[in-house]
Amino acid sequence: MENQNPSLERVKTQTQVRVGLVVVVFLAAASIVLGAIQISRTIKAPFLPKSQSEALADLSTEEQRKEELKKLDTDKDGLTDYDETYIYNTSPFIEDSDSDGLPDKAEVLAGEDPNCPKGRICFAPQAATSTPEAASAPIDSELPLPSLDKFTGVLAPVAAGDLRKQLEASGLSKSMLDSLTDKELQELYVETLREVLATSTR
Ligand SMILES: [Ca+2]
Ligand SMILES: [Ca+2]
C-alpha cells in the first residue's frame, strides 16, 4: 500500500532533497578541497625537501651563479650584475634603468631611486634601496592554503551554473533546483565549502 498522505510525502521528499543536496554539495566541495590541496602541493613543490645531492647541487649552482654575478658588470655602469639584480632591482643590461639620463650608479650614490625617472613620483617598491634584507627574506615554506575568502570569492561565480548542472545530473528534480536561486545555491555551496575547508585546515 502506498502512502497517500500528501503532506507527509512532501516532507519526506523535501528532506531527501535537502540531504541529497547537502551530500552532493559536500562531495563537490570535497573535490574542490582535494583540488586545493593538490594546488597547494604544487605550489609547495619547489620548497619541499629534495634529495640531499639534488639540494646540494642546486645550492652550489645558485651560489656559483651569484658569485659570477658579483664579478660582472654587463652594462658597465659601475654596479655589479649581482647588486643590480639582488639589491637595487635595476637592469644589469641597461646603464640607465629608468631612462632619465642619470646612470643607475649615479642615482644610487645620490640616494635617488634608479628605477624612478628624476622629477617623477613613483610608488614602486622601495625595498631594494631601504631594506635589502627584507627583499631577500626567505619565503615561508609552510605555505598556508589560500585564504578562505579569496578561495570562495574565486569559486562563487563558477559554482552556480556548474553546481546546478551537477545537482540536476545527480537526480535532483529540476523544480526543486528552480526553486533555489543561484545565490541560495552558491551560499549553500560556499557555506559547506567553508565548513569543509575549516575542518580540513584545522
Ligand atoms: Ca651594472
Ligand atoms: Ca637613471
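Within segment 106-122, residues that are over 16 Å from Ser91 (Cα atoms) reach partners that are aliphatic (A, V, I, L, M) and within 16 Å of ligand 1 (Cβ to nearest atom) with beta carbons closer than 9 Å, at six or more positions or on different chains, in the pairs Ala110/Leu102; Lys118/Leu102.
Taken together, the residues in segment 61-103 that are buried (at least 16 other Cβ atoms within 10 Å of the Cβ), away from ligand 2 (no atom under 11 Å from the Cβ) and assigned to a loop (DSSP other than H, G, I, E, B) amount to 6.
Read-outs throughout are calculated quantities, based only on the coordinates presented, and are distinct from any laboratory measurement. All values reported here derive from a predicted model rather than from experimental measurement. As a convention, Cβ positions derive from the backbone with ideal geometry for all residues, glycine included, and neighbour counts pool all protein chains shown.
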